[in-house]
Amino acid sequence: MQQAPTLDSNRRRLAELTRRPWRMLVGGAMVDARGGERYTTTSPADGQPLAEVPFAQKADVEAAVQAAERAYPTWRDTPLSQRVAVLRRFIAVLEQNEADLALLDAADLGSPFSSMRSDVHLACELLDYICNAAGEVKGQNLPGSGGNWHITKREPYGVVGRIIPFNHPLMFAASKIGAPLVMGNTVVLKVPDQTPLSPLYMGELIREVFPPGVINVISGDGRTTGDALVRHPRIKRIALTGSVETGRLIQRAAAEVMVKHVSLELGGKNPMVVFPDADIDKAVEGAARGMNFHWSQGQSCGSTTRLFLHEDIHDDFVQRLKKRVERIVIGNPLDPATEMGCVVSKAQYDKASRYIALGLEQGATCLTGGRPPEGAEFAQGYFLRPTVFTAVRNDMRIAKEEIFGPVLSVLKWSDEDAVVREANHVEYGLTAAVWTRDIHKAFRTIDRLEAGFTWINGSSSHFKGVPFGGYKNSGVDNEEGIEELYSYTQLKTVNIILS
Ligand code: NAD
């Protein structure tokens with residue numbers, strides 16, 4: 001029987017895993033950048049170097065696109081059932097290597113090993129949904145004119161460029177290539193700058209699962225590698241999961257080259273509105289879990305980072321919430337017992353710290369957190385406690401801007417119309433939550449909140465096959481549901497003239 005992993009066994013295994021030569025998957029081979037360019041990825045838990053990985057330049061992006069183009073005609077013409085069978089083998093490989101992939105994420109990202117194991121499972125579930133749903137993507141037979149036939153069919157785009165952010169490296173690397181591949185496209189995946197290890201390792205593991213060139217996995221930064229992919233003149237379909245700023249840059253860069261289908265899953269500053277009749281115990285738990293402290297140290301696009309509490313319940317609620325978040329066990333991300341690790345980088349740590357200082361300067365009250373945990377084990381890493389600000393006003397920067405760290409802003413409300421206006425008063429529109437036992441209030445409020453993915457008496461969770469996407473500056477298009485599969489096809493109409 002296999003022993004359960006411990007901090008020591010995880011450290012040993014990580015040392016073995018990171019010793020490998022880190023390479024990119026291009027055209028079925030593991031390759032370096034042609035000019036030998038590399039960069040170092042470091043552990044956010046102690047600032048130490050973890051590995052050197054290839055830094056793909058324009059020529060490397062070109063090689064990856066050419067490999068994907070060569071593979072495309074055969075992959076497109078492969079029967080759907082066989083493409084699904086390949087994806088199912090991909091799922092099996094992820095399952096077999098779950099602990100190693102989670103370990104690389106824990107080390108590179110700083111999220112707890114246990115939650116990164118859940119990320120591998122989540123990726124497998126999302127891929128399983130994609131396999132099951134693929135056969136539902138169909139054309140139609142339309143009554144366009146008497147005597148003739150009019151049919152539509154769905155065709156792949158060709159080579160798809162897929163760009164992902166740092167916060168769930170393996171989960172995004174694996175699940176976001178499923179829909180384009182199953183629809184018959186080939187893919188060049190650009191992995192996150194800060195957390196390249198699990199996606200590159202995934203590339204190595206699946207080298208023989210996919211025919212050469214069907215999936216290509218390259219590492220590098222946004223400005224060189226990502227930009228070259230976006231601007232590639234033979235890539236019509238680009239998909240980004242990332243920040244609003246990057247989304248806008250990509251839309252502009254793509255438009256400078258040609259007309260492209262660019263789908264965007266971007267940031268959020270998401271409201272959770274609690275009515276006085278809500279189940280308070282559950283809502284406190286929902287507010288804590290909604291911040292995703294345990295999953296990503298608050299570095300999640302869908303985190304409910306603005307908590308609107310009705311004045312009748314405010315004081316009691318915040319005291320309970322304080323107790324709840326202070327119970328979260330902060331520790332070494334490699335330790336299976338850790339519930340919350342560290343943020344991904346010095347840049348992210350400095351950003352969150354600046355916002356904490358700004359909250360205090362602008363007159364908010366720091367109810368808990370606001371500084372790193374004490375102890376020698378935290379001294380060299382980018383650790384922050386779960387931080388809760390009360391007395392936040394809607395015009396403060398901590399209430400308007402995405403911090404992408406463990407910082408929650410609590411706002412007090414009394415008037416229903418006003419709270420909806422305040423909740424909507426940001427550029428984002430990704431998620432929103434409403435907590436009440438009154439179904440009329442729940443639907444009335446959800447209907448008026450400007451967000452693409454909402455919960456009534458819930459937070460944080462995604463559900464298999466249920467579409468996720470943002471309103472306003474939070475994005476374009478939806479993922480995780482059947483719409484994502486459609487989005488990797490283009491519609492061809494065939495008119496059969498019989499009369
Ligand atoms: P980011 O926008 O800085 O980077 C995302 C990816 O884009 C990276 O791979 C990066 O190298 C690449 N990139 C950056 N500039 C580029 C350019 N000019 N051209 C091409 N590619 C470029 O985001 P991040 O810091 O990695 O992740 C955090 C952001 O992602 C947050 O805003 C978060 O809300 C968002 N996010 C959104 C979702 C969602 O589903 N809506 C999910 C996770 C994260």
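The values are calculated or read from the model by the stated rules, or taken from the named source; none is laboratory data. Keep in mind that what you see is a predicted model, and the values were worked out from it rather than measured. Don't worry about glycine lacking a Cβ; one is built from the backbone with ideal geometry, like all the others, and counts go over all protein chains shown.
Scanning segment 143-160 turns up at least one residue that is crowded, with 21+ Cβ neighbours inside 10 Å and of a type in the set (A, V, I, L, M). The residues in segment 194-221 that are surrounded by fewer than 24 Cβ atoms within 10 Å (Cβ to Cβ), of a type outside the set (S, T, N, Q) and in contact with a Ser or Thr (Cβ under 8 Å, 6 or more places away or on another chain) can be counted, and the count is 1. Across segment 406-419, the qualifying residues are those that are part of a helix (DSSP H, G or I) and free of Cβ contacts under 8 Å to residues at least 40 places away in the same chain, and the one among them that is surrounded by the fewest Cβ atoms within 10 Å (Cβ to Cβ) is D417.
Per the listing E402, E377, E416, the residue uniquely under 21 Å from the mean Cα position of the chain (by Cα) and over 17 Å from H294 (Cα atoms) is E402.
Name the single residue, out of those in segment 433-485 being part of a strand (DSSP E or B) and more than 11 Å from the ligand (Cβ to nearest atom), that is surrounded by the fewest Cβ atoms within 10 Å (Cβ to Cβ). Even if it seems obvious, please write down each step before you answer.
Just the residues of segment 433-485 that are part of a strand (DSSP E or B), to begin with: 433-435, 453-456, 468, 471-472, 475-476, 479.
The next check asks that each one be more than 11 Å from the ligand (Cβ to nearest atom); those that pass are 433-435, 454-456, 471-472.
Working: A433: 29, V434: 26, W435: 29, T454: 17, W455: 20, I456: 14, Y471: 16, K472: 17.
The selected residue is I456.
Within segment 257-280, residues that are touching a residue at least 24 places away in the same chain (Cβ under 8 Å) reach partners that are within 11 Å of the ligand (Cβ to nearest atom) and of a type in the set (K, R) with beta carbons closer than 8 Å, at six or more positions or on different chains, in the pairs V257/R231. Just one of the listed residues (R385, R393) is in a loop (DSSP other than H, G, I, E, B), among the basic types (K, R) and over 28 Å from the mean Cα position of the chain (by Cα), namely R393. Pairs are defined by a Cβ separation below 8 Å, a sequence spacing of at least 6 or placement on different chains, a first member in segment 161-183 that is assigned to a loop (DSSP other than H, G, I, E, B), and a second member that is at pLDDT below 95; the pairs so defined are N167/S296; H168/S296.
Within segment 285-299, can one find any residue that is modelled with pLDDT of 95 or more, over 29 Å from A99 (Cβ atoms) and crowded, with 18+ Cβ neighbours inside 10 Å? Among the residues of segment 285-299, at least one is modelled with pLDDT of 95 or more, over 29 Å from A99 (Cβ atoms) and crowded, with 18+ Cβ neighbours inside 10 Å, which makes the answer yes. Checked against (1) within 16 Å of the ligand (Cβ to nearest atom); (2) more than 17 Å from M291 (Cβ to Cβ), N424 meets all criteria but (1).
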